[in-house]
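First the structure, in the form of structure tokens, and then the observations on it.
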Amino acid sequence: MVKLINKGVYYLNGKLVKATGDVEQAKKGTITYKILSAHNVSGNDKKLNVKFDEITSHDITYVGIIQTAKASGLEKFPLPYTLTNCHNSLCAVGGTINEDDHVFGLSAAKKYGGAFVPPHLAVIHQYMREMRAKCGSMILGSDSHTRYGALGTLAVGEGGPELVKQLLNRTYDLDMPEVVAVNLKGRLRKGVGPHDVALALVKATFKSGFVKNRVLEFVGTGIKSLSMDFRNGIDVMTTETTCLSSVWITDEKTRQYYVQHGRAEAYKELAPENGAYYDRGITINLSKIEPMIALPFHPSNAYTIKDFLSRPYELLKEAEEAGQKLLPEGKGQFKLTDKIKDGKVYVEQGVIAGCAGGMYENIAEASQILGETPINNNDFTLDVYPSSQPVYKGLVESGYIGKLMDNGAVIKTAFCGPCFGAGDVPQNNGLSIRHTTRNFESREGSKPANGQLSAVALMDARSIAATAKNGGAITSAMEIEYSNKIKKYRFNAKIYQARVFNGVQNADDKASLVYGPNIADWPKMDALKDNLLLKVVSVLQDAVTTTDELIPSGETSSYRSNPLKLAEFALSRKDPTYVARAKAVRDGEFPIELGFDQNTTTYGSVVCSIKPGDGSAREQAASCQRVLGGVANIAKEYATKRYRSNLINWGMLPFLADKNDFNVGDYVYVENVKEQLKNGAKEFKAKVIGQKTREITLKMDSLTDAEKQIILKGCLINYYKG
């Protein structure tokens, strides 16, 4: 289904061919190069300083971003900034604090000149697709699934401080990324959906890091057969490959999408030059893609449904064992193999939602598959969240919503909760199948520390509907006879015109920000001193540590406007004793018995791990550590550029070590760290003081001059204050 080409290729006459000779000029023939170059203000096509056309955030990130920018001198939004409300939109946790954030967001849009999309109107990425994406443009979002490549927009998901830089007329700095050609060929079979293609791609690329921090450029004859909903559905899942961004060839279907949404002027044709050079290649034969299932606890843990059903005990046992490790010893038992009954695998819940699942065609075709079959098995439920009110209305007008409701499906409003653990939490030991973006541990809302654990498997909406039709027994949509011809979608712009506040480029400096009692300023953070003394307060030995493990999603989202309260949840699912140990370092006395000068030495805590930062772009995975007194991370590698950037922007040193052989309670001392950092050192001699004292070498990948200054100053806020 998916073939990886680990060498340079040309895209020549519609095919990927081996590259030979000098490729420097041919590199400039990609869509990616042209878009990045057009947005680069450095004058150097190797070292980019990028200015985006637009930025966007949702309601668990925009408060912190605006507070940070305000503390750094923000007067008005210098570029279009869209504030959406699709994460804390239920207003169900913490009293008034969720709606307080929404009121703050609207007041900020009025004061600084932005757009505000009220709760339940649209999930962030659907609104940006419908109303803000443009061919050849660049959008930066404070959500990791910021991907509008199928619409010709090179979009990047990053932590909040990177958006702050854009608000302060600064730049997004990076080396020119490598570009990977994704050549689509063939044609999908009936019953196969965009999630099936995406999961096959994630499975093929994630574990090896094949596309890590690279840009995926989708080309090939297979694109023509894909609708825009299909393209968007594949594109949004590229985040799970750990790529930096993505972009697609545009064509008549792309143009029609813009026309349909009243924005014909946003379209232009994008295509690579014949003979454009790509650093790597991927070929996906759409004709061979089958319905897929990604088992707990990662989208890359994917199999064809056919393969899964041929050996369910073996594969569920593996997931069961992985889940059991998440529970404290002696506190609960996690079971999945009991889902196997009479040779079938039964699940308790199906969910179709969000930026990946909630699009018109996914829901319409799911309705077609379910047909006239009622969901009359009380052990199985089906919940459907259209991705925007216009999509919802279109589905109502076409009769698909009524048909789903008649058969027992529950239809809800646009909300991202099922993707991050704030909606439709299954029962303990439950298994939910979802067309959403992620199935990381506890992304469905479990609390393992309390002995509560359920899990999510990812599937396409079509196979979820087939499963619903089959009474909750996992079923491939290719096994169902149905018509995949659906009624044409008609977009209704009046819905947004009636509700969205659009104050872009119309700041009102007389307006005031409206604060709720939970919205708090960032605490003071100190500049780096000459030397550095770290105390190890947590050692994580998992192969990968996700941002969900560093700071949980779900109910904690309500506290992201309050740095001190949120920090109380840091590592709570992975290392419940971390917060107390970090506070003891932050609030305790300098260990003068070690013989170091406290006047010239920064003293703080450090988390040591193998590969931290996979998943969400959330800056809080780093800022919570900083608030608790953290001043560095030590890792064998960082899972994403996003997480490393978040560490830097919060004044933390992103050290690398060959081994994660530290113990909680060890001290790590780095002499003259400030001077070495200024001089661009990539290796730092360090002393580990524990049961034994030993010398090690810590490493650090290159920093830009601005990144050095941010760390030296103590954080991005201090850097902008001067």
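The values are calculated or read from the model by the stated rules, or taken from the named source; none is laboratory data. Quantities reported herein were computed from a predicted structural model and do not represent experimental measurements. Counting neighbours? That spans all protein chains shown, and the Cβs are built from the backbone with ideal geometry, glycine included.
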Exercise. Using beta carbons and a limit of 6 Å, which pairs, at least six apart or on different chains, have the first residue in the range 248-271 and more than 17 Å from ILE31 (Cβ to Cβ) and the second one of a type in the set (A, V, I, L, M, F, W, C) and assigned to a loop (DSSP other than H, G, I, E, B)?
Worked result: GLN260/PHE491; HIS261/PHE491; GLY262/ALA493
For this session: Enumerate the strands (runs of 3 or more DSSP E) found wholly within the range 272-314, keeping only those where 2 or more residues are charged (D, E, K, R) and touching a Phe, Trp or Tyr at 6+ places or on another chain (Cβ under 7 Å).
Result: none
For this session: Assess whether LYS134 counts as being closer than 29 Å to LEU36 by Cβ and in a loop (DSSP other than H, G, I, E, B).
Result: yes
Problem set entry | helices (runs of 4 or more DSSP H) wholly inside the range 1-106 containing at least 1 residues that are among the aromatic types (Phe, Trp, Tyr) and in contact with a Ser or Thr (Cβ under 9 Å, 6 or more places away or on another chain) | 62-71
Exercise. Quick one: how many residues across the range 178-213 are assigned to a helix (DSSP H, G or I) and not charged (D, E, K, R)?
Worked result: 10
Exercise. Which of the residues spanning the range 323-360 are over 23 Å from THR545 (Cβ atoms) and among the basic types (Lys, Arg)?
Worked result: LYS335, LYS339, LYS341, LYS344
Exercise. Does GLY595 meet the test of being at positive phi, assigned by TED's automatic domain parsing to the domain that holds ASP666 and surrounded by fewer than 18 Cβ atoms within 10 Å (Cβ to Cβ)?
Worked result: yes
Exercise. From the residues in the range 493-510 that are buried (at least 16 other Cβ atoms within 10 Å of the Cβ) and part of a loop (DSSP other than H, G, I, E, B), which one is farthest from the chain's Cα centre (by Cα)?
Worked result: ALA507
For this session: Check whether at least one residue in the range 49-60 is surrounded by 19 or more Cβ atoms within 10 Å (Cβ to Cβ) and among the hydroxyl-bearing types (Ser, Thr, Tyr), and report yes or no.
Result: yes
For this session: Pick out the one residue from LYS687, LYS678, LYS682, LYS699 that is basic (Lys, Arg), out of contact with any strand residue (DSSP E or B) (no Cβ under 7 Å at 6 or more places or on another chain), surrounded by fewer than 19 Cβ atoms within 10 Å (Cβ to Cβ) and not assigned by TED's automatic domain parsing to the domain that holds VAL164.
Result: LYS678
Seminar exercise, completed: Reported set for the range 182-203 where residues are at positive phi and crowded, with 22+ Cβ neighbours inside 10 Å is GLY191
Exercise. How many residues does the range 243-262 contain that are in a helix (DSSP H, G or I) and either touching a Pro at 6+ places or on another chain (Cβ under 9 Å) or basic (Lys, Arg) (or both)?
Worked result: 2
Exercise. Among the listed residues ALA511, ALA468, ALA520, ALA543, which satisfies the condition of being more than 29 Å from HIS120 (Cβ to Cβ) and among the aliphatic types (A, V, I, L, M)?
Worked result: ALA543
Exercise. How many residues, within the range 61-101, are buried (at least 24 other Cβ atoms within 10 Å of the Cβ), farther than 30 Å from THR32 by Cα and either hydroxyl-bearing (Ser, Thr, Tyr) or touching a Leu at 6+ places or on another chain (Cβ under 6 Å) (or both)?
Worked result: 2
Exercise. So which of ALA455, ALA473, ALA465 ends up being under 20 Å from LEU336 (Cβ atoms) and touching a Leu at 6+ places or on another chain (Cβ under 6 Å)?
Worked result: ALA455
Exercise. Which condition number does GLY159 fail, the rest of (1) touching a strand residue (DSSP E or B) at 6+ places or on another chain (Cβ under 9 Å); (2) buried (at least 21 other Cβ atoms within 10 Å of the Cβ) being met?
Worked result: (1)
